[in-house]
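I have placed the structure first, in the form of structure tokens, so that the comments after it can refer back to it.
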Amino acid sequence: MYSKENQVDSRALKSLLKFDPFSGGRYEAESSGGLGDAEYKHAVQSGLLFSPNLITCDHGSAVKRLLLAKKQCRDRKFYTDLFIAGLASGRLDYRAGLPAYAIALNFPDHKFEPLDGGPYCRVCGLQKEGNSLARTDRNFDRFAAGGVIGASPLDIAFYLECHHLLSPVSPDDKSLKVMKAILDILREAPPGETAKKQVVKNVRKIPDFKASVEQVQMVLETLGYCSVLRAPKHKGYLHEFVNLGYAPRSSPRTDWRYPVDLWRGEFGLDNDAVDCWFGSYPLLD
Ligand SMILES: [Zn+2]
């Protein structure tokens, strides 16, 4: 997927960003996503697209896969360095490792425990058999959104495996300033304000940070997974693993993820979490 200094094949990246599993009118994992044959083959060979896209596995293998990816995790700074470096550089894939790492942090080894006798596991939300992972779709998330969209343990394992193909980088001053500006906006958010409207608008105005609304949401959700943005009774993944499928929501229609979905200005930032993740960066003191 990556060559020297984290470079990606630009032709294959264009194909990945064009890849549309709905190109036939409905979701088809094994379609070529609207790409021509040559484009598709090239992108698969470059490692950015996957053939087959969809793989399935049972609960035990999925849990093992995430535990293995977790075991292979580097130190915390590897993820925060890349995340921050991805802000001003526009390398969205650099940002997608930290949320996966934070979610995996307290993921427990466990056996399938059906919730209320149903088909889903109480702990992680997977089924006993036949859990699917659409690898190209998830890699698309990394390069197009810069965050975690698929949230099953299999998805999180895959995001981590891809992220571990990157070489370490150090964030430059521009990216550190963007990070500082994001934290300042959040610190100054008035009581009652959520992270979803004015905060997003303000973040999009930060110099040297070009991001769509969805990409800003991914960054803010990442700060949620890191427990920097949390609610008093919902301290987030730094403290415990929470299955996103069963996590509390601010309203049934929200498309924002736990716990940032529950955050409001009066809760401020969790200074211990800021210290834990970002305390080693001088500009962020
Ligand atoms: Zn489970």
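Normalised size of the stretch 41-86, defined as Cα radius of gyration per 2.2 N^0.38 Å with N residues, equals 1.59. Taking square-rooted eigenvalues a ≥ b ≥ c of the alpha carbon gyration tensor, is the stretch 82-229 rounded, prolate or oblate, where a/c under 1.5 means rounded and, failing that, a/b exceeding b/c means prolate? Note, shape of the stretch 82-229 comes out prolate.
Length gain on complete extension for the stretch Lys4 to Leu283, per 0.36 nm per residue less the alpha carbon to alpha carbon distance?
Taking Lys4 through Leu283 to full extension adds about 97.6 nm, to one decimal.
Normalising the average separation of contacting C-alpha pairs (under 8 angstrom, six or more residues apart) by the number of residues puts the relative contact order of the stretch 1-52 at 37 percent. Out of every Cα-Cα pair in the stretch 76-139, what percent are more than 18 Å apart? Pairs farther apart than 18 Å: 56 percent.
Just so you know, the Rg over Rh for the stretch 198-259 is 1.01, from Cα atoms, with Rh as the Kirkwood radius. Distance between the modelled labels on Arg187 and Ala247, one decimal in nanometres: 2.5 nm (7 Å Cα→Cβ projection).
Applying 1/(1 + (r/R0)^6) with r as the Cβ-Cβ distance of Asp116 and Asp255 and R0 = 30 angstrom yields a FRET efficiency of 0.75.
Taking every DSSP helix (H) stretch of at least 4 residues in the chain, weighting each as -39,500 (n - 2.57) and dividing the sum by the residue count yields a mean residue ellipticity at 222 nm of -12500 deg cm²/dmol. Modelled this way, with points 7 Å down the Cα-to-C-beta line, the labels at Leu13 and Gln72 are 2.3 nm from one another. Listed peptides 115-124, 59-68, 150-159 appear in the order 150-159, 59-68, 115-124 once ranked by packing, highest mean of other Cβ atoms within 10 Å at the front.
Accessible surface area normalised per residue over the chain is 47 Å², counting heavy atoms of protein chains with a 1.4 Å rolling probe.
With N counted as the residues of the stretch 1-52, its alpha-carbon radius of gyration over 2.2 N^0.38 Å works out to 1.14.
Just the protein heavy atoms count here, and of the accessible area of the chain at 1.4 Å, carbon and sulfur take up 50 percent.
Shape class of the stretch 150-223 from the Cα gyration tensor (axes a ≥ b ≥ c, square roots of the eigenvalues): oblate, since a/c reaches 1.5 or more and a/b does not exceed b/c. Shown here for the stretch 135-235: GluC sites (Glu not before Pro) in loop regions (DSSP other than H, G, I, E, B) with at most 14 other Cβ atoms within 10 Å, namely Glu188.
Of all the Cα-Cα pairs you can form in the stretch 173-284, what percent are over 17 Å apart? Above the 17 Å cut-off, the stretch 173-284 has 52 percent of its Cα pairs. The heavy atoms of Lys177 offer some 120 square angstrom of accessible surface to a 1.4 angstrom probe.
Name the shape class, rounded, prolate or oblate, that the alpha-carbon gyration tensor gives for the chain, where a ≥ b ≥ c are the square roots of its eigenvalues, rounded holds for a/c under 1.5, and otherwise prolate holds if a/b is larger than b/c and oblate otherwise. Oblate, because a/c is 1.5 or more while a/b does not exceed b/c. Label-to-label distance, Lys174 versus Asn106, with points set 7 angstrom from Cα along the beta-carbon direction: 3.7 nm. Listed values for the stretch 258-271 are Karplus-derived 3J(HN,Hα) couplings in whole Hz (6.51 cos²θ - 1.76 cosθ + 1.60, θ = phi - 60°), namely 4, x, 5, 3, 9, 7, 9, x, 5, 7, x, 9, 7, 5, and x replaces Gly and Pro. With θ taken as phi - 60° and the Karplus curve 6.51 cos²θ - 1.76 cosθ + 1.60 applied, the whole-hertz 3J(HN,Hα) list for the stretch 147-158 is x, 9, 9, x, 10, 6, x, 5, 4, 5, 4, 5 Hz, x standing for glycine and proline.
The values are calculated or read from the model by the stated rules, or taken from the named source; none is laboratory data. Remember, it's a predicted structure, so these values are computed and weren't measured experimentally. Backbone-built Cβ (ideal geometry, glycine too); neighbour counts: all protein chains shown. Surface areas here come from the heavy atoms of the whole protein model, side chains and all, with no ligands, DNA or RNA. Shrake-Rupley method; radii C 1.70, N 1.55, O 1.52, S 1.80 Å.
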